[in-house]
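S.K.: One structure follows; several queries about it will come next.
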There are 2 protein chains.
Amino acid sequence: MGQHSEDEEKIIVGVTIGDINGVGPEIIIKMFSDNRMLQLCTPVIYGSSKAISFYRKTLGESDFNFTTIKSAEEIKLRKLNLINCWDEEVTIETGNPTPTGGKYAFTALQKACEDLSKGLINALVTAPIDKKTMQQEGFRFPGHTEFLAQQFANGGDHLMMLVNEGLRVATVTGHIALNEVSGALNADLIFSKIKTMHASLIRDFGIRKPRIAVLGLNPHSGEKGLLGKEEQDIIQPAIQRAFDSGILAFGPYSADGFFGSSQFKGFDGILAMYHDQGLIPFKALAFEAGVNFTAGLPIVRTSPDHGTAYDIAGKGIASESSIRSAVYLACDIVKARIEFDEISGNPLKFSKLSGDR
Amino acid sequence: MGQHSEDEEKIIVGVTIGDINGVGPEIIIKMFSDNRMLQLCTPVIYGSSKAISFYRKTLGESDFNFTTIKSAEEIKLRKLNLINCWDEEVTIETGNPTPTGGKYAFTALQKACEDLSKGLINALVTAPIDKKTMQQEGFRFPGHTEFLAQQFANGGDHLMMLVNEGLRVATVTGHIALNEVSGALNADLIFSKIKTMHASLIRDFGIRKPRIAVLGLNPHSGEKGLLGKEEQDIIQPAIQRAFDSGILAFGPYSADGFFGSSQFKGFDGILAMYHDQGLIPFKALAFEAGVNFTAGLPIVRTSPDHGTAYDIAGKGIASESSIRSAVYLACDIVKARIEFDEISGNPLKFSKLSGDR
């Protein structure tokens, strides 16, 4: 069931380097300087040995060693592997957004996605990119989530979910202006997101009968229509539909009181209506230990819940705790899916996933 | 300077009973069962001795005693005073919203406001009301804040501020639907709220050179216009205007990251654009110990940051911590104002405020 360490070592986690001018290389180095990570999984860094060596030197991380391989077919178990995604000399300008930073972040991401679609790696953890310098031929998206959804979604719905221990928050709408939120909501969309969250909580988190809380849109969840009608017209009907289809969905809850009491602890998943409504309380409560997970995709992808943090890049002060949690969560989800698929009669063997090495 | 206990006893704090069917009477009784509160101030409950006695019996609070007086002119220092605001028999229906609950909550509030405007009490702490049953001749407002602004504002701006130790959060817009927020914002309004917050931080909180953080409206504070223009068109100009007028105003900050790091701790006040943007993180961080303060008024008014909580009323489980903090804060603000006015040459004597008793 993927519980003992021999199996765990077989989980291959690809980690993209992200923007080489941001904190990505630094947090990757810090995370893997602790050898215990190799008992959990076999990591493969998608990036450049030169860039990693540059930051290793800057940070004085002498405990950090890696094995350069040519391709994912050569992955060595119990080792920290690195695939050079480019050979040319690349100028690193730590702390600055540059077109070069965006270009090579995409190169690494593309290579990792190739290996992910071939099943050569079991999960993808992405270090932060710069949304602006990242824009280029082939990448016209607000972020990793939307790019990966386009690559892997197969027409199904996807959901940005933030995870920290028992707290799992997803949002119905994403990177849109606040005054577009109300217009973007409808009962079908909310119902679809509840279903996606529900399926993910079962298969990815091993929760048999997940309880989902749905937040209202307006202050005090609309105060029975006095402060907005979306709760009555859209959100309540979506919850009812979910409930009628056997999903334990509840709400809509007033968002401020919900997170200001212990109420939120009674649910396995929380669905917010818009970006800040979900991310403000999540980040306030998780405090730098949160992980971003793209639910609803056939592949497993997680990331730290912070950005390139140019202002502190290369200074040795960036915390690796979020990306480390992202690797942990990716491994947990790979294992949960294997277990779920075994139980539900889809006998995808563990060894199959990691290529029987 | 109002620092030693003799002066402190002279601070007269009126406490309205709120909705008699909600948790108001219960949290007032629990708070004043601790005699140490009388070293801090002289409290006057505006309500009914019968209602208080009813709940004292229900709760079995034998340590709780009070002195009934006819009017504020009879206030006894070092005692818990109670003014009967009505004489008739009133039916209490614990846990239920009733027109009676709304009617007498308003009666108590009116009496306290009269004494407040006469200077017979120095501060007002309001227990929770039910916004719906409260609506009646004379009270057509979404809450206490708007009623008190109409009673006392004298045309000046007011601001709902949430306070918990060093965390002070105010919102530019209040109880309106989310899709009306963007339209309600303009640079003049934001500038006015920054000014009101600035003046309050100086006079009410004794901060000489307050630092104010202003949040953006959109996800990632608009991401330089990609996710909304209000930051560039409205918020940034208002901050600049405030800064040019000598106020240390900064921003706009991305609301999720701001509360998800230690960043918020570097500011004396935080101005959010809308209700949930301010109240979600405040309540998540303050966790039931927050106080609501109406800044910008000549009178001092605070309240707990929760509602009538009908579902737990009369069961003995409601926490008095928020209303106790509200009384503490009211006393602190009265003292800070006296100190500030003395320093700035407005020699309003302490004894004057409390009527030289």
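S.K.: Applying the Karplus parametrisation 6.51 cos²θ - 1.76 cosθ + 1.60 with θ = phi - 60° to the phi angles of region B:216-231, what ³J(HN,Hα) value in whole Hz is obtained for each residue in order, glycine and proline being reported as x?
M.R.: Karplus values, whole Hz, x for Gly and Pro: x, 8, 9, x, 6, 6, x, 6, 6, x, 5, 10, x, 9, 4, 4.
S.K.: Which whole-Hz ³J(HN,Hα) couplings does region A:60-74 yield from phi under the Karplus relation 6.51 cos²θ - 1.76 cosθ + 1.60, θ = phi - 60°, glycine and proline marked x?
M.R.: So the Karplus estimates, Gly and Pro as x, are x, 8, 6, 7, 9, 10, 9, 10, 7, 10, 7, 7, 5, 5, 9 Hz.
S.K.: Can you give the net charge of the other residues whose Cβ lies under 14 Å from the Cβ of residue B:186, counting K and R as +1 and D and E as -1?
M.R.: Charge balance in the 14 Å sphere: -3.
S.K.: With no solvent and one point on each alpha carbon, what is the Debye value of log10 I(q)/I(0) for region A:93-132 at q = 0.17 Å⁻¹?
M.R.: -0.51
S.K.: While we're looking at this one, here's another question. I want to verify the translational diffusion coefficient of region B:2-95 in µm²/s; compute it with Stokes-Einstein, Rh as the Kirkwood radius over Cα pairs, at 20 °C and 1.002 mPa s.
M.R.: My calculation gives 157 µm²/s for D.
S.K.: Under the convention of a label 7 Å out along Cα→Cβ, give the distances in nm from residue A:317 to the same position in every other copy, shortest first.
M.R.: 4.5
S.K.: Then there is this: Checking an interface number: how much accessible area is buried between B and A, summed over both chains, with a 1.4 Å probe, in Å² rounded to 100?
M.R.: The B and A chains share an interface burying roughly 3200 Å².
S.K.: Ok, one more. If you average the sequence gap of Cα pairs under 8 Å that are 6 or more apart and divide by the length of region B:159-296, what percent do you get for the contact order? Walk me through the numbers before you get to the answer.
M.R.: Working: 242 pairs, mean separation 55.2, N = 138.
Taking the mean separation of contacting Cα pairs over the length of region B:159-296, I get 40 percent.
S.K.: Given the alpha-carbon gyration tensor of region B:236-312, what are the semi-axes of its equivalent ellipsoid in whole angstrom, ordered largest first, with each equal to the square root of 5 times an eigenvalue?
M.R.: One finds semi-axes of 27, 18, 11 Å for region B:236-312.
S.K.: Taking amide H atoms as placed 1.01 Å from N in the peptide plane, list the residues 5 or more away in sequence, or in a different chain, whose amide H sits under 5 Å from that of residue B:217.
M.R.: For residue B:217, the qualifying residues are B:231.
S.K.: Work out the P(r) tail for region B:159-296: percent of alpha carbon pairs separated by more than 24 Å, whole number.
M.R.: The answer is 21 percent, as a whole percent.
S.K.: Hey, can you grab everything whose amide H is under 5 Å from the amide H of residue A:171? Only 5+ residues off in sequence or another chain; H modelled, so Pro and N-termini drop out.
M.R.: Result for residue A:171 returns A:160, A:272.
S.K.: When only DSSP loop residues count, what GluC sites (Glu not before Pro) in region A:158-251 have their Cβ near at most 12 other Cβ atoms within 10 Å?
M.R.: A:165
S.K.: Using a probe radius of 1.4 Å on heavy atoms only, what accessible surface per residue do you get for region B:159-296? Whole Å² is fine.
M.R.: I get 34 Å² per residue for region B:159-296.
S.K.: Divide the volume of the convex hull of the Cα atoms of the protein assembly as shown by its number of residues and quote the answer in cubic angstrom per residue.
M.R.: Normalising the Cα hull of the protein assembly as shown by residue number yields 173 Å³.
S.K.: Treating each Cα of chain A as an identical point scatterer and ignoring solvent, apply the Debye formula and state log10 I(q)/I(0) at q = 0.13 Å⁻¹.
M.R.: Taken in order of the listed q values, log10 I(q)/I(0) reads -1.01.
S.K.: What is the mean number of Cβ atoms from other protein chains located within 10 Å of the Cβ atom of each residue in peptide B:171-179, rounded to a whole number?
M.R.: That average works out to 6.
S.K.: Placing a label point 7 Å from Cα toward Cβ, how far apart in nm is residue B:73 from its equivalents in the other copies, listed shortest first to one decimal?
M.R.: 10.1
S.K.: Return the sequence-ordered ³J(HN,Hα) values of region A:265-282 in whole Hz as given by the Karplus equation 6.51 cos²θ - 1.76 cosθ + 1.60 applied to θ = phi - 60°, using x for Gly and Pro.
M.R.: Whole-Hz 3J(HN,Hα) from phi for region A:265-282: 6, x, 10, 7, x, 10, 10, 8, 7, 8, 3, 5, 4, x, 7, 4, x, 4.
S.K.: Quick one: pull the percent of accessible area on the protein assembly as shown belonging to carbon and sulfur, 1.4 Å probe, ligands and nucleic acids left out.
M.R.: 49
S.K.: How high is the relative contact order of chain B, in percent, with contacts defined as C-alpha pairs under 8 Å that are six or more residues apart?
M.R.: 24
S.K.: Any number yet on Rg/Rh for region A:14-54, C-alpha, Kirkwood?
M.R.: 0.95
S.K.: To continue, here is another question. Compare B:174, B:225, B:278 in a GNM of chain B, Cα atoms joined below 10 Å, and give the one with the largest fluctuation.
M.R.: So, out of B:174, B:225, B:278, the one fluctuating most is B:225.
S.K.: At a threshold of 8 angstrom on Cα-Cα distance, excluding pairs fewer than six apart, so keeping six or more, what relative contact order does region B:59-125 reach in percent?
M.R.: Details: 40 pairs, mean separation 16.6, N = 67.
About 25 percent, as a whole number.
S.K.: Now a separate question. Work from the charge dipole of the protein assembly as shown (Cβ charges, +1 for Lys and Arg, -1 for Asp and Glu, about the Cα centre) and give the residue of B:304, A:17, B:43 farthest towards its positive end.
M.R.: So the residue furthest toward the plus end is B:43.
S.K.: What are the residues whose amide H is under 5 Å from the amide H of residue A:301, where those residues sit 5 or more places off or on another chain and H is modelled from the backbone?
M.R.: Amide H neighbours of residue A:301: A:124, A:294.
The values are calculated or read from the model by the stated rules, or taken from the named source; none is laboratory data. Computed from a predicted model, the values in this text were never measured in an experiment. Counting neighbours? That spans all protein chains shown, and the Cβs are built from the backbone with ideal geometry, glycine included. Side chains are part of the model used for accessible areas, which takes the heavy atoms of the whole protein and leaves out ligands, DNA and RNA. Shrake-Rupley method; radii C 1.70, N 1.55, O 1.52, S 1.80 Å.
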